[in-house]
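One structure below.
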C-alpha cells in the first residue's frame with residue numbers, strides 16, 4: 001500500500017467521523033421537526049410571549065442542574081461574549097419570533113419558510129469562518145432566498161402583501177442561522193451540551209423576566225395538550241435537541257452536517273398533517289420542494305477550501321479532532 005493510498009486527503013473528514021456527525025445531526029433534526037407543530041398547539045391557548053419565554057426558562061432550569069451536577073468549568077470572558085451571540089439566536093430570537101408568527105399562519109407554512117435555514121446557516125458559516133466559496137454558491141443561495149420569498153408571497157396574496165408573520169419567520173431563520181454557526185464553533189471548545197447549557201443560563205434572567213411579565217398580563221390558562229406541547233418545547237426543542245445538533249456541527253464539516261436539516265421541513269409537514277390535520281396542498285409541497293432544492297444546492301456548492309480562520313475559532317486541524325468537552329478538574333462529567 002502506498003503512502004497516498006493510506007493517507008487522508010488534506011481538509012477531508014474521515015468517513016467514520018463524518019458518519020457520526022451526520023447521525024448526531026439527524027437526531028437533532030428529528031427533535032427539532034416537532035417544534036413548529038407543537039408551537040402551533042401551544043399558541044391555541046397560550047400567548048406567544050409566554051411560550052417563547054417560558055420554554056427558555058424550563059430549558060435553563062434543566063441546564064443549570066446539568067452544569068451544577070457535573071461541575072463544569074465556567075467559560076472565559078471571550079467565550080461568554082460568543083455565548084451571548086448563541087443565546088440571542090437560539091434562545092431569544094428564534095423562539096419568540098416563531099411563537100408570534102405561528103399565531104396567524106399554519107405550521108405547514110412556517111415549515112416551508114424555515115426550510116431556508118440550511119442555506120442561511122451555510123452562508124453564516126462562510127462569513128464566520130472566512131472561507132471563500134465560488135460565486136456559484138452565492139447565486140444558488142440567492143435563488144433559495146428568492147424561492148422562499150416567492151412561496152411566502154404566494155400564500156399571502158402577492159409580493160406586495162407579504163404578511164408580518166412571514167417577516168417574523170425570515171427573522172427567525174436569520175437568528176437561528178447565527179446561533180447555529182457560532183454555537184457549532186463554540187461547541188468545539190466547550191462541548192456540545194455545555195454550549196447550549198451556558199447559553200440558556202446566560203439568557204435566564206431576561207427570559208424569566210419576560211415570562212413573569214406575561215403571566216401577570218395574560219394569566220395563562222390552557223389544557224393538557226398545550227402544557228405538554230410547552231414542556232416538549234422547553235425540554236427537547238430548547239435543550240436536549242441541541243445536545244445532538246451541536247455535537248454534529250462540532251464534529252463537522254459544518255456545511256455538510258447542516259445539510260441534513262433539509263429533511264426537517266418534510267418531517268414537520270408530516271407531523272402537521274398527523275397532529276393538526278393540516279392539508280398537504282399542492283402549493284405547500286411545491287413551495288417546500290423549491291426551497292429545499294435551492295438550499296441543498298447552496299450547501300453542496302459551498303464545500304471548498306477553507307480560508308483564514310477568524311479569531312476565536314478553531315483551526316482546520318482541530319475541526320477534525322475528537323471533541324472533548326471542557327470538564328472540571330474536581331469531577332468528570334457524567335452526562336454524554
If you go through the range 39-51 one residue at a time, do you hit one that is farther than 26 Å from residue 229 by Cβ and modelled with pLDDT under 90?
-> no
When the range 69-95 is examined, which residues are found to be free of Cβ contacts under 8 Å to residues at least 60 places away in the same chain and under 30 Å from residue 226 (Cβ atoms)?
-> none
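Listed here are the residues, each with its yes/no results for (1) at pLDDT 80 or above; (2) within 12 Å of residue 292 (Cα to Cα); (3) surrounded by 20 or more Cβ atoms within 10 Å (Cβ to Cβ).
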{"site": "107", "(1), (2), (3)": "yes, no, yes"}
{"site": "113", "(1), (2), (3)": "yes, yes, yes"}
{"site": "117", "(1), (2), (3)": "yes, yes, yes"}
{"site": "122", "(1), (2), (3)": "no, no, yes"}
{"site": "126", "(1), (2), (3)": "no, no, yes"}
{"site": "133", "(1), (2), (3)": "no, no, yes"}
{"site": "140", "(1), (2), (3)": "no, yes, yes"}
{"site": "149", "(1), (2), (3)": "no, no, no"}
{"site": "152", "(1), (2), (3)": "no, no, yes"}
Which number in (1) at pLDDT 65 or above; (2) part of a helix (DSSP H, G or I) marks the one condition that residue 4 misses?
-> (1)
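Among 199, 187, which is buried (at least 24 other Cβ atoms within 10 Å of the Cβ), in contact with a helix residue (DSSP H, G or I) (Cβ under 9 Å, 6 or more places away or on another chain), assigned to a helix (DSSP H, G or I) and at pLDDT 95 or above? Let's see the steps before the verdict.
On the way: 187 fails: at pLDDT 95 or above.
Going through 199, 187 in turn, the sole match is 199.
The values are calculated or read from the model by the stated rules, or taken from the named source; none is laboratory data. Not measured: the values here are computed from a predicted model. Counting neighbours? That spans all protein chains shown, and the Cβs are built from the backbone with ideal geometry, glycine included.
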